[in-house]
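Working notes, beginning with the structure itself.
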Amino acid sequence: MTYKDRLHCWAIARLLPSHQWMIVARFRSRSDADGHFQFLRQTIPHVKFEVVFDLSEDSNRLSALGSSINSLASGL
């Protein structure tokens, strides 16, 4: 994980058809991520997106989170 990725720990993840999560954007603040998330939900309503706090080594995939991201999102 690069230094820049460590600074941008808030991310928007997209659910792929293979039931894996892929990072589509990174942000420094939660409010920036939430704003972009709202935009994505309005422009692409049929795709599942989630705002996540990601410090994983693999900056493109969140496969380790799997279905646990759904339980985190439902608790918000």
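The values are calculated or read from the model by the stated rules, or taken from the named source; none is laboratory data. Keep in mind that this is a model prediction, so the values were computed, not measured. When we count neighbours, we look across all protein chains shown, and the Cβ atoms used for this are built from the backbone with ideal geometry, even at glycine. Ligands, DNA and RNA are stripped out before the accessible areas are found, and what is left, the full protein with its side chains, is counted by its heavy atoms. Shrake-Rupley method; radii C 1.70, N 1.55, O 1.52, S 1.80 Å.
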Flagged in region 11-46 as among the β-branched types (Val, Ile, Thr) and under 12 Å from the mean Cα position of the chain (by Cα), in numbering order, are 12, 23, 24
Note on region 3-35: residues small (Gly, Ala, Ser), open to solvent by 60 Å² or more (accessible area, probe 1.4 Å) and assigned to a helix (DSSP H, G or I) are 31
In region 5-31, residues that are touching a strand residue (DSSP E or B) at 6+ places or on another chain (Cβ under 8 Å), of a type in the set (A, V, I, L, M, F, W, C) and free of Cβ contacts under 8 Å to residues at least 24 places away in the same chain total 3
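Can we say residue 38 is at pLDDT 95 or above, open to solvent by 90 Å² or more (accessible area, probe 1.4 Å) and of a type outside the set (A, V, I, L, M)? First the steps, then the outcome.
Values: at pLDDT 95 or above: yes; open to solvent by 90 Å² or more (accessible area, probe 1.4 Å): no; of a type outside the set (A, V, I, L, M): yes.
Criteria not met by residue 38.
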Residue hits (region 41-50; assigned to a helix (DSSP H, G or I) and either open to solvent by 100 Å² or more (accessible area, probe 1.4 Å) or of a type outside the set (Val, Ile, Thr) (or both)) are 41, 42
